[in-house]
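The structure appears right after this line, and notes come after that.
The values are calculated or read from the model by the stated rules, or taken from the named source; none is laboratory data. Bear in mind that the values here come from a model prediction, so they are computed numbers and not experimental data. So basically every Cβ, Gly included, is an ideal-geometry build from the backbone, and we count neighbours across all protein chains shown. These area figures cover heavy atoms from the full protein model, side chains too; ligands, DNA and RNA do not enter into them. Shrake-Rupley method; radii C 1.70, N 1.55, O 1.52, S 1.80 Å.
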Amino acid sequence: MASTLEKFIHSLDPRALPRVLQIQSGIYFQGSIYEMFGNECSLSTGEVIKIIGFKINKLIASICENNEVSRFSAKVELPLNFPGLYKVVADKTPYVSIEEIARKVSIGPTRFGHPCFYSPEDIKLANLTIKHDEQITFNSVEEVNGTMAVNCGVVRNNQSHSFTLPFSQEGKFFECEDDQIYTLKEIAEWKIPKCRNRIVKLSNPLHTWDSSNPLPDNFDGCLILTPVYEVQAVMKFRKDIVHILSDLDVEVKDITDCYDISSFLQPLSLEDVFERTSKEFPMVAEIMEGTSGSQKPYNLLHTGKEIVIYKKYQATRVLASEIRSDSPKRRFLIPISYKGKFKRRPREFPTAYDLEIARSEKEQLHVVATKAFDSPHKELFSVSVGDQFLVQQCQTSEVLYEGRKKVIDVLACEQILSDTYKKVLLPMYMEGGFVEVIHDKKQYQLSEICKGFRLPFNVKVSVRDLSIEEDVLAAVPGLQFEEEITDSYLLISSTSSPVESWEIPVYRLNMSVHLLSRDVQTVVPPATKTTVEEISEEQYYMVRRYENQTLHPPPRPPKKPT
């Protein structure tokens, strides 16, 4: 049965991809050409295309009154980067089964992917009864003993109780009120259910948009958001991926079940390639959708380019940030093979507790106070700006507090005077300010720093890496090495000139390829070129989140006695 492209995409479950569609009718007749994001695409009646993915491209917004579109409201387009923070208004229409929720609502590993629902009726499980109106958090979808189910949880008396609800569980399930605030992009990615609109309320006034703001002046009400999707598709006789907006006035018919889907090229993301077994490497591939960038190898990875993918592996990188007081900071991922050299730069420490964390057995930490501190205890030292200290060790000390003796953690130091040293004790809770005094003039390789010092560690490039055409680190006045991370990479080279190979990140490069049935001429990859990867602020926080999600947080510094 034919339907509009918009209706089809709005109801399409991403897990059902790919789908083969035949163009039935529309405004684009035989032989017409439609320009879509720079891709020419003929959408003639009878044309067959394969849908391989879709994502929200923009939102159509209408002003909402009493949960309905205002009679006086015109529809306006909002880009995903439209400013403002928004609250999600709970949908008053219930879901009738767990399967419907799993099919229409985004459930995933991030904090955005944990929607909450309640049932007006009790739900009796084998070892737990979910009370009516009790908030149920949906955490993940998985197969349990051959049955699809959702992992859920409820909190009672500060205790979390976990359980599963099968897709077959029926009833009425209503969205809970959500007190969080989101950007429009976050709402588009996580908070708009399939086949439904989403009502949002503006949480803060718009001050950062120019005069072309499509909303009324001083608007602070509710909006009904309808998504417009960008559809990624493959056409029969093309080697690239085309992009189609879902509101294109075209009727389509799903013919997947009666069509040989293997007759299309099979686009693979880098994640798809990485999931292949190690025995399948090396392989030859042609880029269907390339990437952009001015530096190698990104300026080589354009559509139509043939590459050899030699192997997949995990590699270590050092996550580094530019040292500067204002934002935004530049962020980098540096391979251990980086051949430049670094000199140390002073670190800054906001508390005495940070001095304890940073001290090492290898060398004594020498610091200068940049902020005064008046000790409330006569047994402990009061710090003046300019005081210099050698940090010794953490210990405990007895102090008199409101007439009673109290044991607290302190940091033992030696104050450097003009001709002598004086032993002093600083309270660990002390909020002051210290800057490191560097006596070490040695130049270090990156691998030496990782082995010999505790991160974070401040440096500047003293000798640039001459093997890199343009060493972006050399122009940065100061860098803080924050942590070592492990990430997934593919080793590639060009088929036309395989004189050097490159490591490309699997999860930060938006690129599609299709495999060619050709043998690799040289199984051994050529010499690997060093690449310093500059990453965006969003990628930086994603890298840190995934790297740290299995680590325990550091202990909190001691509190000041009250």
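Heavy-atom accessible surface of the stretch 91-176, averaged per residue, reaches 56 Å², computed with a 1.4 Å probe. Here each label is just a point 7 Å from Cα along the line to Cβ, and for residue 336 and residue 384 those points are 4.8 nm apart.
Computed with every protein chain present, the accessible area of residue 220 is close to 100 Å² [probe 1.4 Å].
Within the assembled protein chains, the solvent-accessible surface assigned to residue 15 is about 130 Å², based on a 1.4 Å probe.
Largest accessible area first, the residues 377, 10, 439 order themselves as 439, 10, 377 under a 1.4 Å probe with ligands, DNA and RNA left out. For the chain, the fraction of C-alpha pairs farther apart than 47 angstrom is 31 percent. The calculated 222 nm mean residue ellipticity attributable to helices in the chain amounts to -2500 deg cm²/dmol, summing -39500 (n - 2.57) over DSSP H runs of n ≥ 4 and dividing by all residues.
Listed by chain and number, the aspartates and glutamates placed with their C-alpha closer than 18 angstrom to that of residue 311 are 271, 272, 275, 280, 286, 487, 500, 503, 519; residues fewer than eight positions away on the same chain are left out.
Residue 258 exposes around 110 Å² of accessible area when a 1.4 Å probe is run over every protein chain in place.
Rolling a 1.4 Å probe across the protein heavy atoms gives the stretch 398-538 an accessible surface of 53 Å² per residue. Figure note: 508, 111 ranked by solvent-accessible area, largest first, 1.4 Å probe, ligands and nucleic acids not counted: 111, 508. In the stretch 348-436, the inverse of the mean reciprocal separation of distinct Cα atoms equals 13.2 Å; this is its Kirkwood hydrodynamic radius. FRET efficiency for the pair residue 180 and residue 142, taken as 1/(1 + (r/R0)^6) with r the Cβ-Cβ distance and R0 = 30 Å, rounds to 0.75.
The angle between the Cα long axis of helix 537-548 and the longest principal axis of the Cα atoms of the chain comes to about 70 degrees, rounded to the nearest 10. Between residue 132 and residue 25, the FRET efficiency estimated from the beta carbon spacing at R0 = 56 angstrom works out to 0.70.
Under 17 Å from a point placed 7 Å out from the Cα of residue 65 along the Cα-to-Cβ direction: which residues of the stretch 86-103 have their backbone N that close? Correct set: none at all. The listed residues 77, 230 rank as 77, 230 when sorted by accessible area, largest first, using a 1.4 Å probe. Between the stretch 104-143 and the stretch 473-541, the alpha-carbon centres lie 41 Å apart. Between residue 296 and residue 220, the contour length at 0.36 nm per residue exceeds the Cα-Cα span by 22.7 nm. So, counting K/R as plus one and D/E as minus one, what does the shell of residues with Cβ under 9 Å around residue 340 add up to? With Lys, Arg at +1 and Asp, Glu at -1, the net is +1.
Put a dot 7 Å past the Cα of residue 90, heading toward its Cβ, do the same for residue 484, and the two dots end up 4.9 nm apart. Each Cα pair under 8 Å and six or more residues apart adds its sequence gap; the mean of these over the residue count of the stretch 91-176 is a relative contact order of 38 percent.
Placing dummy labels 7 Å off each Cα toward the beta-carbon, the span from residue 305 to residue 125 is 5.0 nm. Peptides 238-247, 295-304, ordered by how many other C-beta atoms sit within 10 Å of their residues on average, highest first, read 238-247, 295-304.
Between the stretch 421-451 and the stretch 284-332, how many Å separate their Cα centres? Their Cα centres are 34 Å away from one another. Length gained on full extension, residue 313 to residue 460, computed as 0.36 nm times the residue gap minus the Cα-Cα distance: 50.0 nm. The simple Förster model, with R0 at 35 Å and r as the Cβ-Cβ distance, assigns residue 160 and residue 537 a FRET efficiency of 0.60.
Surface composition of the stretch 91-176: carbon plus sulfur atoms contribute 45% of the solvent-accessible area (1.4 Å probe, protein chains only, all chains present). Working from Cα pairs under 8 Å separated by at least six residues, relative contact order for the chain is 15 percent. Residue-wise HN-Hα couplings along the stretch 466-475, as the Karplus relation 6.51 cos²θ - 1.76 cosθ + 1.60 with θ = phi - 60° gives them from phi, are 6, 7, 9, 4, 10, 7, 5, 6, 5, 8 Hz; Gly and Pro carry x.
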